[in-house]
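Asks: Let me give you the structure first, and then I'll get to my questions.
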Amino acid sequence: MRGVIAKLQQMGKQRTSETYRATLRSFMSFREDKDILFEEIDSDTMLMYEAYLHNRGLTKNTTSFYMRILRAVYNRAVEKDLTTNRNPFKHVNTGIDKTVKRAIPLKAIKQIKNLNLSLQPSLDFARDMFLFSFYTRGMSFIDMAYLKKKDLSNGILSYRRRKTGQQLFIRWEECMLEIVEKYDTDYYSPYLLPILKYPYDNRSQYKNVLFRTNKYLKEVAKMVGISVPLTLYVARHSWASIAKSKNIPISVISEGMGHDSEMTTQIYLVSLDNAVVDRANAQILKDL
């Protein structure tokens, strides 16, 4: 597994390598730092690990996430003939449960936009980064950080998603321009937004700004009375949810977000608001 992590780093997949490293740490903690032979990895071992994660209070989705990473590494070992496949993951959960709703309505986005934060620059910056993500169809923060001035040409912002490699094109709108001009970066900086300010240790800079921005967004949420824990990721969920509420086809939403498949988009849109379903039910019952 350490070999896989090293290879991911060589390929520039820092985020993926970090998730693999976190999984390895978790599994080694379960093993009390004792190594394990491939022949010992069986269904009982994985069931015990799943119980260990459950007892530590991890959610089903987090447990499943660790299991899927371990399964990927195990399958790679099988492909390399390092072991025979004993199907150790057949009895543990490797699926995805419905996630807690992380989208907020358009009304709340407007409230966030209309806040006067001129005297609180840290909150102002966090709010503007949230809005920029929403304006750009839920662009992830890592992709925002690496946007370059040269990516904007002839009214089109083009970028390649770091997660999937898919290239996306977004028509440049006035609201996006306002934010970029407000935080006009240094003349010598190649970046469009002032997230990466130094020409070294980009990953560390990105993580620090991400942490601070999400922290300040919690304060912004309190100001407008939002109960959902506000993070930059909420902008992405919200764009998808609002697009769905406007009857935009799933295929279009999926394309707009740069998803590999519509199934991924469906995870974002797992359920309609209960209020919407209740209203539909009331209309049906009224005709009885």
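Asks: Output the residue which, of all residues in segment 113-141 that are touching a Leu at 6+ places or on another chain (Cβ under 9 Å) and of a type in the set (Gly, Ala, Ser), is surrounded by the fewest Cβ atoms within 10 Å (Cβ to Cβ).
Replies: That would be Ser140.
Asks: Give Ile69, Ile36, Ile5 a once-over and let me know the one that is part of a loop (DSSP other than H, G, I, E, B), open to solvent by less than 50 Å² (accessible area, probe 1.4 Å) and not small (Gly, Ala, Ser).
Replies: Details: Ile69 fails: part of a loop (DSSP other than H, G, I, E, B); Ile5 fails: part of a loop (DSSP other than H, G, I, E, B).
Selected residue: Ile36, the only one of Ile69, Ile36, Ile5 that is part of a loop (DSSP other than H, G, I, E, B), open to solvent by less than 50 Å² (accessible area, probe 1.4 Å) and not small (Gly, Ala, Ser).
Asks: Would you check if there is a residue in segment 262-284 being open to solvent by 70 Å² or more (accessible area, probe 1.4 Å) and at pLDDT 80 or above?
Replies: no
Asks: Also: Return a yes/no flag: does segment 79-89 have any residue that is open to solvent by 10 Å² or more (accessible area, probe 1.4 Å), over 30 Å from Pro199 (Cβ atoms), modelled with pLDDT of 95 or more and not in a loop (DSSP other than H, G, I, E, B).
Replies: no
Asks: What's the total number of residues in segment 219-233 that are under 12 Å from Ser140 (Cβ atoms) and open to solvent by less than 40 Å² (accessible area, probe 1.4 Å)?
Replies: Number satisfying all stated conditions: 2.
Asks: Also, quick follow-up: For segment 142-160, which positions are open to solvent by 10 Å² or more (accessible area, probe 1.4 Å) and either in a loop (DSSP other than H, G, I, E, B) or under 19 Å from Lys215 (Cα atoms) (or both)?
Replies: Ile142, Tyr146, Asn154, Gly155
Asks: Can I ask one more? So the check is Cβ under 9 Å with 6+ separation or different chains; which pairs have a first residue in segment 165-193 that's in a loop (DSSP other than H, G, I, E, B) and a second one that's of a type in the set (Asp, Glu) and modelled with pLDDT under 95?
Replies: Gln166/Asp260
Asks: Looking at Ala22, Ala51, Ala6, can you tell me which residue is small (Gly, Ala, Ser), over 30 Å from Arg203 (Cβ atoms) and at pLDDT 90 or above? First the steps, then the outcome.
Replies: Numbers: Ala22 fails: over 30 Å from Arg203 (Cβ atoms); Ala6 fails: over 30 Å from Arg203 (Cβ atoms).
Going through Ala22, Ala51, Ala6 in turn, the sole match is Ala51.
The values are calculated or read from the model by the stated rules, or taken from the named source; none is laboratory data. Since the structure is predicted, the reported quantities are computational estimates derived from the model, not experimental observations. A quick note on method: Cβ atoms are made from the backbone with ideal geometry, for glycine too, and the neighbour counts reach across all protein chains shown. All accessible areas refer to the heavy atoms of the entire protein, side chains included, with ligands and DNA or RNA removed. Shrake-Rupley method; radii C 1.70, N 1.55, O 1.52, S 1.80 Å.
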